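Step one of this worksheet: look at the structure below.
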Amino acid sequence: MAILKTEQLTYTYSPGSPFEKTAVDHVDIEINKGEMIGVMGHTGSGKSTLIQHFNGLLRPTSGKVFLDGEDIWADKKKIRDVRFRVGLVFQYPEYQIFEETVFKDIAFGPKNMGLDEADIKKRVTETAYDIGLTEEMLSRSPFGLSGGQKRRVAIAGVMAMQPEVLILDEPAAGLDPAGRDAILSYIRKYHEKTGNTTLIVSHSMEDIASFADRILVMNSGKIFCFDETKKVFARSEEISQIGLDVPQITKVFDILKRKGIDLGREVYTVGYARDLILDVLKSKGGIG
Amino acid sequence: MLRDITLGQYFPGKSIIHKLDPRTKIILTILLIVMLFTGDKLICLGIGAAYTLMAVLLSRIPVKMFVKSVKPILPFLIITAAFNIFIIDKGDVLFHWKAIKITTGGINVSVFMIIRIVLLVAGSSLLTYTASPITITDAIEKLLSPLKKLHFPVHELAMMMSIALRFIPTLIEETDKIISAQKARGASIDSGTLRERAGNLISVIVPLFVSSFRRADELATAMECRCYNGGEGRTRLRQLRTSACDYIAAAVTVMFLAAVIAADKML
Ligand SMILES: Nc1ncnc2c1ncn2[C@@H]1O[C@H](COP(=O)(O)OP(=O)(O)O)[C@@H](O)[C@H]1O
Ligand SMILES: [Mg+2]
């Protein structure tokens, strides 16, 4: 059963003005419970616009969005509940922080849900731990933290609502490589721990290649492809043609293939590449 | 949403009006205001209306946009007109009941005022629709430059204005984004009780201030890195130039103005 589904979803910004722009164009997708989905596409391909429909922040110009089989716009009054069930972390979420302490900021979402004090406290401390914030930080002002730490506070603020679906828009954008790896691995651990449905938006395949079950590639507001990770990477050439960066290791293997050394499989993580090379060498009796 | 407000929005285009030098457009707008408020005969207003209509049509901007620009002031117009109708006691009495007295004079004044203000708003919207905010501030700086002799900080004023104008869309975008982000955390900002909304407003205002200060800081650094030290000896990227069009437009406007004055004095 699909937890999220769209039907001919279309969204046009400023319709009827000279700045009219159809950012999402007749999109049909289905996302299953517990999946880890990567959403890719170059800047302006409509990723952010698409995901803001999943929690009802944007209302489709035409088409429908279903959460657990129900049209989320069937009853306008229930849209706030949809926002608690589908958590959305915006791009550069650290700019939405406003409370005096880290604790209070993470508690903002749960408080809006109307939970009681004890429950809020439990959720905040738990989530802070899950995203790698220390207990000591909870009482500090968020404005004194580093960029990467602020980002974690903002992500924790959405995670603490314990949404069934967690959507993160470019969670690693603008971070240094270490910070990027840390955030992505916390998100992945959280997904494994809770088993919730997670969507990660990124324009870099490197970020999501190693752990997405399926990848949705957007191009000019339309679905370019939506398939299992390895099948998407089998089309790495087409994907680099629409302006996306293929992981470096995939590029290396593409070049090898062009030079006549075809290892017969799609490679998109370094670990897998190592195993594959070792396998091939073994079968040729090179090592053993 | 917020970004749908059209006040001061620039619509790029290639019409004659777009091509006019922004300095000309500012002066002509001032002349239009003079034209609209000269004389109190119907014919004067008719000439002013014809002039505004001609300019609007020449700009090739959808008439819809002008209707949109007038809409926000309609409530004020209607209220003021109502006051005028009831208060002014001049000419023939049309209706009299207890303290309420409506006269032809009152109706006259109200109708004139409504038409004048509508034309005024439409005419000045034409300026902001056809000239980008940056060229308008450039033009204002140029037009006010004689005041520099009196040590009036013309350049600084223009710079402040262009920075403010430059950041309006950015701030609107930013506000939109922060509102969305807080809504995603369940804040009720455009729904819910007044108390909830007021409380949640803090969650928008604080981040907005934080980011405005950050932007101001970044901009100051960027300007200093480029050795900005005021208007002294500064050259411009966009040079303002007048062409034959400007003189023709000015001539036509002066003719209309003369017609209004003549009509007022002679007829
Ligand atoms: N608020 C907006 N108003 C008008 N156009 C917008 C707005 N947000 C995005 N767009 C346009 O919609 C298109 C898709 O944008 P977006 O969804 O942000 O893409 P992505 O997240 O993939 O970079 C872009 O062409 C962008 O310019
Ligand atoms: Mg985006």
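For the range B:180-189, the Karplus equation 6.51 cos²θ - 1.76 cosθ + 1.60, evaluated at θ = phi - 60°, returns couplings of 4, 5, 6, 4, 5, 9, x, 5, 9, 10 Hz by residue, with Gly and Pro reported as x. Applying a DSSP loop filter and a limit of 15 other Cβ atoms within 10 Å to the chymotrypsin sites (Phe, Trp or Tyr not before Pro) in the range B:151-260 leaves B:Y228. Full extension of the chain segment joining B:L143 with B:I30 gains 39.4 nm, where the gain is 0.36 nm per residue of separation less the Cα-Cα distance.
Here the Karplus curve 6.51 cos²θ - 1.76 cosθ + 1.60, taken at θ = phi - 60°, turns the phi angles of the range A:107-121 into couplings of 6, 4, x, x, 5, 4, 6, x, 6, 8, 3, 4, 5, 4, 4 Hz, with x standing for Gly and Pro. Of the trypsin sites (Lys or Arg not before Pro) in the range B:178-267, which ones lie in a loop per DSSP and count no more than 16 other C-beta atoms within 10 Å? Filter output for the range B:178-267: B:R226, B:R234, B:R236, B:R238, B:R241. Diagonalising the gyration tensor over the Cα atoms of the range A:1-54 and scaling each eigenvalue by 5 before taking the square root yields semi-axes of 24, 13, 7 Å, largest first. Per-residue shielding of A:80-91, expressed as the average number of other chain Cβ atoms within 10 Å of the residue Cβ, stands at 3.
In order along the range B:134-146, the Karplus-derived 3J(HN,Hα) couplings, from 6.51 cos²θ - 1.76 cosθ + 1.60 at θ = phi - 60°, round to 5, 5, 5, 5, 4, 5, 4, 4, 5, 5, 8, 4, x Hz, and Gly and Pro are given as x. Subtracting the Cα-Cα distance of A:I242 and A:D116 from 0.36 nm times their residue separation leaves 40.5 nm of extension gain.
Given a Förster distance of 22 angstrom, what is the FRET efficiency for B:K64 paired with A:K21, based on the Cβ-Cβ distance and rounded to 0.05? Efficiency at R0 = 22 Å is approximately 0.70. Over the protein assembly as shown, the hull volume per residue, using the convex hull of the C-alpha atoms, is 248 Å³. A:A74 to B:L194: FRET efficiency via 1/(1 + (r/R0)^6), r the Cβ-Cβ distance, R0 35 Å, to the nearest 0.05? FRET efficiency, A:A74 to B:L194: 0.80. Projecting label points 7 angstrom from Cα along Cα→Cβ for B:L267 and A:E126 puts them 8.1 nm apart.
Looking at the protein assembly as shown, the DSSP beta bridges with both ends there are about 60 percent antiparallel. Structural descriptor for chain A: relative contact order 21 percent, calculated from alpha carbon pairs under 8 angstrom and at least 6 residues apart. If I fit a long axis through the Cα atoms of helix A:248-258 and take the longest principal axis of the Cα atoms of chain A, what angle between them do I get, 0 to 90°, rounded to 10? Helix A:248-258 and the main axis of chain A meet at about 30 degrees. Residues of the range A:1-31 falling in the label zone of B:I172, defined by backbone nitrogen less than 16 Å from a point 7 Å along Cα to beta-carbon, are A:13-21. Among the trypsin sites (Lys or Arg not before Pro) within the range A:188-288, those in coil by DSSP and having at most 10 neighbouring Cβ atoms inside 10 Å are A:K259, A:K284. Please compute the contact order of chain B in relative form: average sequence separation of alpha-carbon pairs under 8 Å and at least six residues apart, divided by the residue count, as a percent. Relative contact order here is 31 percent.
Summarising the amide proton neighbourhood of A:V24: residues at separation of 5 or more, or on other chains, whose placed amide H is nearer than 5 Å comprise A:Y11.
Against the main long axis of the alpha-carbon atoms of chain A, helix A:270-283 sits at an angle near 30°. What FRET efficiency, computed as 1/(1 + (r/R0)^6) with R0 = 51 Å and r the Cβ-Cβ distance, is obtained for A:T101 and A:E228, rounded to the nearest 0.05? For R0 = 51 Å, the calculated efficiency reads 0.75. A straight chain from B:E218 to B:R236 at 0.36 nm per residue would run longer than the Cα-Cα distance by 4.2 nm. Normalised by the number of residues in the range B:152-234, the mean separation of alpha-carbon contacts (under 8 Å, six or more apart) gives a relative contact order of 32 percent.
DSSP beta bridges confined to chain A are antiparallel in about 55 percent of cases.
No lab work stands behind these numbers, since they all come straight from the coordinates. All values reported here derive from a predicted model rather than from experimental measurement. Glycine gets a Cβ as well: all are built from the backbone with ideal geometry, and neighbour counts include every protein chain shown.
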